[in-house]
1. Is it the case that THR107 is in contact (Cβ under 8 Å) with a residue 24 or more places away in the chain, assigned to a strand (DSSP E or B) and surrounded by fewer than 18 Cβ atoms within 10 Å (Cβ to Cβ)?
2. Can you tell me which residues in the range 57-85 are modelled with pLDDT under 95 and either closer than 12 Å to GLU170 by Cα or of a type in the set (Gly, Ala, Ser) (or both)?
3. Filter the range 164-195 down to residues that are exposed (fewer than 15 other Cβ atoms within 10 Å of the Cβ) and not in a loop (DSSP other than H, G, I, E, B), then give me how many there are.
4. Among the listed residues ASP161, ASP148, which satisfies the condition of being among the charged types (D, E, K, R), modelled with pLDDT of 95 or more and at negative phi?
Amino acid sequence: MNWFAFANLALGLLSCSSPVAACPGTSKLQARDTVLTHRPETTTVNATGGTYEAFEPGYLAGTWEVFKRGEYVSLNGTGYIRVRWEVEYWKGVGPIYEPTFDVTSGTFLFVAGGGGYQMTDKPQGCPQGTGCLNFTGATEFGYSYPSDDYNPWHNMYYYLDGSVNITNHEAGGLYNVGVMAYSYENILSDINTAPATSGNLIKYGYSYDPAAGSCPCSAS
């Protein structure tokens, strides 16, 4: 083997030490994304009762609005729902006592978080007011805080196969939740939306079904 051939061989072996090098007998390593399980969507989720408020223009997005302490919505069906959060720091701040999800029959699972941010993330541009810290308040109003390290996503996604009651337990730190039926495809689109350099799209969503992992996420 002449010196030139030996040098080429040595250079090739060195390049194969790189995890992204295309070397003989190997293929380029590919990043694996997280799976979001697709569960059956056989019966549209509907409200069967409750003290919720119906959606009106200007309200938080949702079909069934659970705005005040003690308000609830009873749901039944087999499919996905979105629970959208809004912390009303301009009306009252303090500890946030999250809603309860009381399953009366069947299965109820938290499956994904999306909407571009979680409540303790710092906004881009501080839309809440001067000196804002996160999506729970601003200096001119004060700040709310989770009572037990609960840190909801703007959009919380759940899977229901049966019946559940969702009840607001606000006290001190006020909040609203807008509840609506949602499709698997729309959930996947939300949690795979890329972050932006301005606005509220701060990060990708997260899949919790079948296991916790950050997105981009693929269909099962």
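1. Values: in contact (Cβ under 8 Å) with a residue 24 or more places away in the chain: yes; assigned to a strand (DSSP E or B): yes; surrounded by fewer than 18 Cβ atoms within 10 Å (Cβ to Cβ): yes.
So THR107 passes the test.
2. Across the range 57-85, the qualifying residue is only GLY58.
3. Matching residues across the range 164-195 total 4.
4. Numbers: ASP148 fails: modelled with pLDDT of 95 or more.
So the residue among ASP161, ASP148 that is among the charged types (D, E, K, R), modelled with pLDDT of 95 or more and at negative phi is ASP161.
Matching residues to (1) in a loop (DSSP other than H, G, I, E, B); (2) more than 14 Å from the chain's Cα centre (by Cα); (3) among the hydrophobic types (A, V, I, L, M, F, W, C); (4) surrounded by fewer than 19 Cβ atoms within 10 Å (Cβ to Cβ):
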residue	(1), (2), (3), (4)
ASN151	yes, no, no, yes
HIS154	no, no, no, no
TYR158	no, no, no, no
GLY162	no, yes, no, yes
THR197	yes, yes, no, yes
LYS203	yes, no, no, yes
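The values are calculated or read from the model by the stated rules, or taken from the named source; none is laboratory data. These figures come from a predicted structure and were not determined experimentally. Positions of Cβ are generated from backbone atoms using ideal geometry, with glycine treated the same way; all protein chains shown enter the neighbour counts.
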